[in-house]
1. What does the accessible area of THR135 come to, in Å² to the nearest 10, when a probe of 1.4 Å is used?
2. If the reach is capped at under 24 angstrom between alpha carbons, list the lysines near LYS202, excluding any in the same chain fewer than eight residues apart.
3. Heavy atoms only, probe 1.4 Å: what % of the accessible area of region 113-212 goes to carbon and sulfur, would you let me know?
4. Roughly how many percent of the accessible protein surface of region 61-100 is carbon and sulfur, given a 1.4 Å probe and a whole-percent answer?
5. How far, in nm, would the chain grow between ARG117 and ASP81 when pulled straight, counting 0.36 nm per residue and subtracting the alpha carbon separation?
6. What does the charge add up to near ASP81, with Lys and Arg as +1, Asp and Glu as -1, over the other residues with Cβ less than 14 Å from its Cβ?
7. Over region 34-187, give the accessible area per residue in Å² for a 1.4 Å probe, as an integer.
8. Hey, got a sec? Which trypsin sites (Lys or Arg not before Pro) in region 65-172 land in a DSSP loop and have at most 15 other Cβ atoms within 10 Å?
Amino acid sequence: MNIIIDDVGWDGEAGEPDVTALLPVPETHLAALHTRLAQAASDSDLLDVAYRTVVTPVGELLLAATERGLVRVAYEREGFDQVLDTLAAKISPRILAAPKRLDTVARELEEYFAGTRRAFDVPLDYALSAGFRQTVQHYLPRIGYGHTLTYKQVAEQVGNPKAVRAVGTACATNPLPVVVPCHRVLRTDGGLGGYIGGLDAKTSLLALEKAA
């Protein structure tokens, strides 16, 4: 990457700055600068949403967190740029790649995929959900590791037995997949149903938990 450095003089005829040098900047220096800027923004309460990506057996995931907790886990198929635009619109435009805030989440995900973690301990921010959808998503972590329920059973557990389709919608729009385990909810006939990360990802998560 190059940064253009302007000379102090000006081209009198063109009225434009006289560019005298191109200074190459090593990527490592830029990364270090970004890290310092992210920390300064956080220290000054100017960073509302921090994000990073991690590579997992079900593909690359985008993780985003507010001061309250993890607010978004997104699969690459959702479009990371679109997810970030949505976070900026619904949470705050003060959003920045700041991996440090998400170190604990990344570590717990690594442990989960290694088969050594069965529940996540990180604080969660359900700001992207509301109403019945949030009620369902709050319930999902109570489905035990390696176990499954049907959409109908979840509807009964949250006190609205007739809301089977609404439970399906709550699972399909879960902003925190994997961590909030909507993959453990199946159709009444045993079919997988839908999944925000795709059916291959849902199958892989269920197989991982069964094997462990």
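The values are calculated or read from the model by the stated rules, or taken from the named source; none is laboratory data. The shown structure was predicted, so the numbers you read here are calculated from the model rather than taken from an experiment. Please note: Cβ atoms are built from the backbone with ideal geometry, for glycine as well, and neighbour counts cover all protein chains shown. These area figures cover heavy atoms from the full protein model, side chains too; ligands, DNA and RNA do not enter into them. Shrake-Rupley method; radii C 1.70, N 1.55, O 1.52, S 1.80 Å.
1. So the heavy atoms of THR135 present about 70 Å² to solvent.
2. Straight-distance partners of LYS202: LYS152, LYS210.
3. Working: 2450 of 4900 Å².
Carbon and sulfur atoms account for 50 percent of the accessible area of region 113-212.
4. Heavy-atom surface of region 61-100 belonging to carbon and sulfur, 1.4 Å probe: 48 percent.
5. 10.0 nm
6. Working: positive: ARG72, ARG77; negative: GLU60, GLU76, GLU78, ASP85.
Combined, the nearby Lys, Arg, Asp and Glu give -2.
7. Values: 7800 Å² over 154 residues.
With the other protein chains kept in place, region 34-187 gives 51 Å² per residue.
8. Taking region 65-172 and a limit of 15 other Cβ atoms within 10 Å, the loop trypsin sites (Lys or Arg not before Pro) found are ARG68, ARG94, ARG118, LYS162.
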